[in-house]
Amino acid sequence: MFKRLSITATIFAAAAAPALAHLNPAEHGSFLAGISHPLTGPDHILVMVAVGLWASQIGGRALLAVPAAFIGAMAIGFGLALAGVSLPFVEPAILASVVGLGLLVATALRVNVVAASALVGVFALFHGHAHGSELGTAGAWQFGAGFLAATALLHLAGIATGLGLNRLGPKVTRALGLLTAAGGAALMLG
């Protein structure tokens, strides 16, 4: 068990290292660019997996509703950006989402499905807006479909990881939440 935890902790720590979180807008515009985009930045990976981990901790309807709320709100944020609607504090909100979702997992906060969905939806709105505002208009819908699909896959990875780790007890998943929050703090400082 400790070996698996050590390997997982190493992966999350490596993901927290500063990196280019967003592609050059000239590289956007295709479905494959959209698929790869969430996999290119630690902020994306940490948040998307944390959503799945938290949904697995809440259980029940949250397994579907919380990730679906994230994806839906992210699509709305993307559309708002494409329509030229600006949101304040997009990048700080994205970084806050990494820390916030990490802390939700670390504390294993259990709230009802509607509240959990609303909370992740607020964070997702900023993530989607960032994608849309960086893109311009070339290939927007193909790119959007790709990053929504990749987001869903990262949520599923978080759910699967959470369900598997929950069998070992809550401490392992909570430790991943703490590492996620620490990764978010490192990104803020980096």
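No lab work stands behind these numbers, since they all come straight from the coordinates. Please read these numbers as outputs of a predicted model, since none were measured by experiment. When we count neighbours, we look across all protein chains shown, and the Cβ atoms used for this are built from the backbone with ideal geometry, even at glycine.
Annotation for Ser86 and Trp141: the two label points, set 7 Å from Cα along the Cα-Cβ direction, are 2.8 nm apart. Can you tally the net charge around Val105? Count Lys and Arg as +1, Asp and Glu as -1, for every other residue whose Cβ sits under 15 Å from the Cβ of Val105. Summing Lys and Arg as +1 and Asp and Glu as -1 gives +3.
For region 103-190, the convex hull drawn through the C-alpha positions has a volume of 113 cubic angstrom per residue. Fraction of C-alpha pairs exceeding 29 angstrom in region 29-189: 13 percent, rounded to a whole number. Subtracting the Cα-Cα distance of Val111 and Ala186 from 0.36 nm times their residue separation leaves 24.3 nm of extension gain. Karplus-derived 3J(HN,Hα) values for region 115-126, using 6.51 cos²θ - 1.76 cosθ + 1.60 with θ = phi - 60°, are 5, 5, 5, 5, 5, 5, x, 4, 4, 5, 4, 6 Hz; glycine and proline are entered as x. Summing Lys and Arg as +1 and Asp and Glu as -1 over all other residues whose Cβ lies under 13 Å from the Cβ of Ala55 gives a net charge of +2. The charge dipole of region 29-189, taken about its Cα centre with unit charges on the Cβ atoms of Lys, Arg (+1), Asp and Glu (-1) only, comes to about 580 debye.
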